[in-house]
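Below you'll find the structure, written out as structure tokens, and then a few comments.
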Amino acid sequence: MKQLIQILLAVLFLILFGLILYLVLEKKIESFDQAIYEMISKFINPVNTKMMRFITFFGGTLGILLSVLVSYVF
């Protein structure tokens, strides 16, 4: 059952990747970006902004180095 879910998720993400690829190649990505922005912009506030900055910190150089260091220690 677990393997079936993994396969279904892989197929779903492959389809989504194909959709985004099509939009980029056909130069229609701006309308897609605008639709996503309109959905997400309803949630913009100072608390969410601080939370997202904290989360994105872990994708930066210092965040990755700290994650590797903590992983190494444990």
query: List the pairs whose first member sits in the stretch 1-21 and is in a helix (DSSP H, G or I), whose second member is surrounded by 10 or more Cβ atoms within 10 Å (Cβ to Cβ), and whose Cβ atoms are under 9 Å apart, counting only residues at least 6 apart or on separate chains?
result: LEU19/PHE32; ILE20/ILE29; ILE20/PHE32
task: Scan the stretch 1-41 for residues that are open to solvent by 100 Å² or more (accessible area, probe 1.4 Å) and within 28 Å of GLY63 (Cα to Cα) and jot them down.
output: PHE13, PHE17, TYR37
- request: May I ask you to list pairs of residues, at least six apart or on different chains, whose Cβ atoms are under 7 Å apart, with the first in the stretch 31-58 being within 30 Å of LEU69 (Cα to Cα) and the second being in a helix (DSSP H, G or I) and not hydrophobic (A, V, I, L, M, F, W, C)?
  value: PHE57/GLY63; PHE58/SER67
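The values are calculated or read from the model by the stated rules, or taken from the named source; none is laboratory data. As the structure is a prediction and not an experimental result, all values here were calculated from the model. When we count neighbours, we look across all protein chains shown, and the Cβ atoms used for this are built from the backbone with ideal geometry, even at glycine. Quick note on the areas: whole protein, heavy atoms, side chains included, nothing else; ligands and nucleic acids left out. Shrake-Rupley method; radii C 1.70, N 1.55, O 1.52, S 1.80 Å.
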